[in-house]
Amino acid sequence: MAQQRACQEQDDRASKVTLSTMRLRVLPPTVLQDPRMESLNLDRNKLKHVAGISKLGNLRKLILSKNEIADFPEEIQSLVHLEKLELNQNQIRVIPEGIFSCLPRLKHLRLSNNRLSALPKDLATCSSSLQYLNLSNNLFRAIPQAVLELVSLQELYVQNNTLRQLPRELFEGRPLKMFKANGNPLREPPNEVCAGGIQQILSYFSQLQNCHVEEDRRVKTMFLGASLAGKSTICKSLKQRQVVLVSEEERTVGIEISEFHIQDFTFLFWDFAGQLEYYVTHHVFITPQALVILVINFQKYQLNNGIFQELVGFWINNLFMRVPNSVVLPVGTHTDCCTEEEVEEKKRDIMSKIQAMLEERRANLAHFINNLESSEESEFYVDQWDRLKEMESCTLTILNLVPVNCTNYWDIKKLETTILEHVRNEEIFPNVIRVLPPVYKEVEAAIVDTEQSEGTAEHGIMDLNHLLSEITRREHLSHLGTELFRDILRYLHRIGLIIWYEEIKQLESTVFLRPAFLITMFKILVRYRLVQQLESISVDLLVGEHATIRDQSNWVWTFKSKAMLCQRAMRALVKHQLYLEGMKDVFEEMVGHKAQKGKLFSLLEHFEICLEVRHAKDLNPGAREFVPGKLWETTQNCREAYYLFPTYLNQSEEVSERWGGDHLEDLHIRAYFSPEIPEGFFQRLMVKACSFYSAHWIAKVTCLLICSGKPLLIKENNQKGYSYIELRSRKPAQRTEFQFTWDFFMAIIFIIRKLSEEWPGLHMCMKAPCRTAECPAEFFWPDVDDKNTVTKEEIKTCGTCGHRFRTELLLPKVPSDLEVPQPPPPAHYYVTSYGTTSFGPSSIHVHRQSILDK
Ligand SMILES: Nc1nc2c(ncn2[C@@H]2O[C@H](COP(=O)(O)OP(=O)(O)OP(=O)(O)O)[C@@H](O)[C@H]2O)c(=O)[nH]1
């Protein structure tokens with residue numbers, strides 16, 4: 001009761017009551033005794049009903065999110081002053097008629113994460129008031145008619161339903177500013193158009209008007225699998241309709257891309273190189289909604305777990321994490337090198353082991369969910385529970401394995417037939433068909449034509465305006481406007497036909513007509529045997545770059561010992577490769593010169609493949625005062641830039657020395673990952689974290705950051721069944737320093753969380769190990785969001801050793817005696833990619849580009 005009172009903020013004019021996370025099963029009668037109440041927040045409780053709520057006839061805001069409501073509370077119809085209603089994350093299936101017609105002032109309605117498939121017709125009576133509607137994560141197959149009548153709607157969210165079509169009327173005649181529909185099997189407009197936003201959708205519909213609609217059947221097909229599995233062989237043989245045996249010298253480096261047609265389908269083949277060194281670039285190119293052909297060399301395959309893990313398990317795990325809804329067709333090659341019985345046996349073994357993996361994943365998720373549900377404090381874990389539930393609802397579709405002998409064309413033909421059968425199956429591939437206005441197809445054809453014309457350079461890089469002028473030379477496209485052209489380019493970028501990174505400032509007017517060129521660029525620096533590449537740069541080329549043989553030895557030494565390349569070394573490497581491939585003309589554009597960095601550097605930084613390391617030792621005496629939220633100038637440094645490639649790091653002594661060993665007293669937490677930490681994840685985390693904290697030391701699986709003289713250690717441990725990233729800092733000497741230390745931890749945790757969003761099938765949870773030496777227990781972290789400090793409790797008791805600890809030793813928490821007399825403002829933590837990080841009440845915007853551009 002005292003707690004309840006503590007959460008009540010009384011005001012002379014209005015009353016506002018917050019009763020979040022209180023394990024309430026019924027509304028406390030005292031709450032219903034204040035008819036003047038205007039705002040009631042009951043989120044994260046265990047409410048099934050809110051009987052008596054009609055007594056609060058003055059409510060303007062009612063939050064019932066994250067409860068256990070299955071029947072829509074009909075008493076809400078008495079709350080005629082209601083402006084904001086949130087019922088998200090409940091289990092509501094039906095909303096009866098007659099509620100919304102009583103709520104004429106309703107502006108904001110959040111119904112996400114329920115089981116709704118329809119809305120009552122009378123929602124339309126809110127048409128002049130309702131501005132915000134969130135229907136995401138429900139079961140809608142179509143946009144309800146009532147929504148089309150909401151003419152004041154400004155924000156509409158319908159992600160993760162089963163919508164196939166969006167009505168044109170939805171985008172016309174209303175002030176819609178924000179619309180999100182990802183995660184639906186949309187054909188009209190296709191997802192790739194919707195991702196471009198309202199303007200692009202509107203333009204799409206206006207193009208669709210009065211013209212013959214065309215259906216495009218296109219499948220992005222990704223060939224994955226270990227090295228020398230036969231990926232390129234299958235890819236080339238399918239394309240050329242004959243047996244093409246690829247020699248070992250022709251091994252794929254990076255990724256190869258090709259397009260071809262089988263019957264009415266267009267296939268875009270992405271052939272990924274199998275060597276480990278290239279995995280770091282995979283996150284750039286492995287995209288959802290594709291058919292994955294997982295190629296397994298049957299000659300190498302043995303019936304033991306080690307080989308299964310290497311040739312199959314590794315890939316299945318990666319797909320689980322990165323594109324958990326994919327369709328995977330396993331293909332066994334080299335069957336001519338095995339007996340028929342062996343082929344059958346291996347096929348059975350692989351399929352059953354994959355099924356066991358699917359089962360294990362299901363069991364793991366069920367176990368995590370069960371843990372949260374059976375916890376005494378389950379209301380503290382609602383967000384984690386939701387995310388697990390979402391993960392449980394999507395899984396890989398594994399098709400039946402096809403054994404092939406790639407030296408026999410009939411087997412290739414058989415594979416082609418199987419692929420076609422599968423892509424025609426709408427149950428498996430609801431997204432294959434896209435309804436497109438003819439101009440989309442015409443521009444695509446013109447671009448392919450331009451790309452293949454003799455005048456186009458080998459690298460296929462073209463300026464946006466030049467490309468437009470090339471396209472509009474065709475009579476039927478002479479009226480193509482810039483905006484429509486950009487919309488179509490965005491669409492073609494999303495389907496993978498071209499690459500156009502309009503979000504990277506330096507590349508906004510550059511179109512890569514041949515995506516493979518970009519990969520050629522990546523592979524120059526992200527490749528196996530990079531040292532040999534460095535060593536093989538010729539003397540002439542060195543001289544041309546004003547470098548000596550001694551410089552070259554220095555580059556090799558710096559790379560071997562520190563995984564760093566200086567700008568000149570990178571220039572020389574790129575020049576070496578581009579000259580070999582006959583693409584001299586693009587060299588300067590890609591690598592730039594001293595004053596202006598080339599496009600390659602923007603790409604590497606954008607994809608967090610390397611970290612720019614400048615030896616900026618001094619503070620800039622001329623810099624303006626640091627003001628949170630404003631751009632802050634760092635010292636301008638004319639010394640040569642170095643780039644650190646964390647993938648190539650191989651020692652960790654220096655970091656261990658600086659850190660000086662773990663102490664029992666350290667504040668210490670772990671982020672656990674299931675099924676494992678994805679390849680390249682930790683390296684990217686280091687690049688991101690070190691971009692924020694300029695004082696840092698990086699090594700193979702560990703990294704030390706310093707902020708305001710305080711060190712924080714980040715360590716990776718990636719073992720099957722025990723994968724975690726550990727954060728450690730020294731226990732603050734003063735109690736007043738806890739806020740700073742936890743803010744530092746939280747900044748890194750938010751970077752980890754932001755990064756992990758790129759792996760939608762990855763489960764991450766935070767735990768703090770018990771502080772008693774040898775005690776194996778861990779404390780689960782409750783949900784962390786940007787509104788709440790993590791917990792209200794003062795003391796935590798270990799269930800295993802029985803010791804009691806002050807909460808601030810385990811979780812982000814300001815010691816309570818410091819809150820008196822003046823409580824600190826609530827901590828807000830927020831990180832968007834590189835851009836912004838907030839610590840407590842202030843925030844820093846990191847404009848990396850502005851530092852680089854100088
Ligand atoms: N006998 C036989 N040889 C095959 C078969 N499939 C592929 N090969 C050979 O196996 C070798 C490797 O094939 P690739 O297609 O280059 O393998 P990959 O998976 O693309 O390899 P990476 O480029 O390293 O990722 C080549 O020499 C092919 O000719 C097959 O079914 N039978």
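Here are a few things to note about the model shown:
- Cα gyration tensor category, rounded, prolate or oblate, for the range 215-433 with a/c compared to 1.5: prolate
- DSSP beta bridges in the range 215-433 [antiparallel fraction, %, rounded to 5]: 30
- 10 Å-binned pair-distance histogram of the range 2-183 (Cα, whole percent): 10, 37, 34, 16, 3, 0
- Loop-resident sites, the range 347-451, for GluC sites (Glu not before Pro), counting at most 15 other Cβ within 10 Å (DSSP): Glu376, Glu377, Glu426, Glu427
- Across all directions, the shadow cast by the convex hull of the range 529-610 built on its C-alpha atoms averages 5.5 square nanometres.
- Range of Cα positions in the chain per principal axis (Å), largest first: 84, 69, 64
- Span-rule helices in the chain, defined as complete DSSP H runs reaching 30 Å or more along the axis (Cα) with Kyte mean at least 1.6: none
- Charges were assigned to the Cβ only: +1 to each Lys and Arg, -1 to each Asp and Glu. The resulting dipole of the chain about its Cα centre is roughly 1520 debye.
- The range 56-106: proportion of alpha-carbon pairs further apart than 14 angstrom, %: 49
- All alpha carbon pair distances within the range 324-451 were sorted into 5 Å bins beginning at 0; the resulting P(r) in whole percents reads 2, 8, 12, 12, 12, 12, 11, 10, 9, 7, 4, 2, 0.
- Summarising the strand pairing of the range 2-183, around 10 percent of its internal DSSP beta bridges are antiparallel.
- Taking the Cα centre of the range 2-183 as origin and assigning +1 to Lys and Arg Cβ atoms and -1 to Asp and Glu Cβ atoms, the resulting dipole is close to 460 debye.
- For Lys505, a cut-off of 17 angstrom between C-alpha atoms picks up these lysines, skipping any fewer than 8 places away in its own chain: Lys597, Lys599, Lys854.
- For the chain, share of DSSP beta bridges that run antiparallel, in % to the nearest 5: 60
- Separation between Cα centres of the range 739-774 and the range 530-577, rounded to whole Å: 39
- Here the contact order of the chain, divided by its residue count and restricted to Cα pairs under 8 Å and six or more residues apart, works out to 7 percent.
- Measuring against 22 Å, Cα to Cα, the residue pairs Lys389/Lys754; Lys46/Lys754; Lys414/Lys441; Lys84/Lys389; Lys347/Lys720 contain Lys46/Lys754; Lys414/Lys441; Lys84/Lys389; Lys347/Lys720 as the ones spanning a longer distance.
- The Cα center of the range 158-215 and the Cα center of the range 38-83 differ in position by 34 Å.
- Between the residues His261, Leu62, Phe314, the greatest Cα displacement towards the positive end of the dipole of the chain, with unit charges on the Cβ of Lys, Arg, Asp and Glu, is found for Leu62.
- Part-to-part distance (alpha-carbon centres) for the range 485-517 and the range 399-458, which is given in Å: 20
Read-outs: derived from the displayed coordinates by stated rules, not from any lab. Please read all numbers here as calculations on a predicted model, not as lab measurements. Virtual Cβ from ideal backbone geometry, glycine too; neighbours counted across all protein chains shown.
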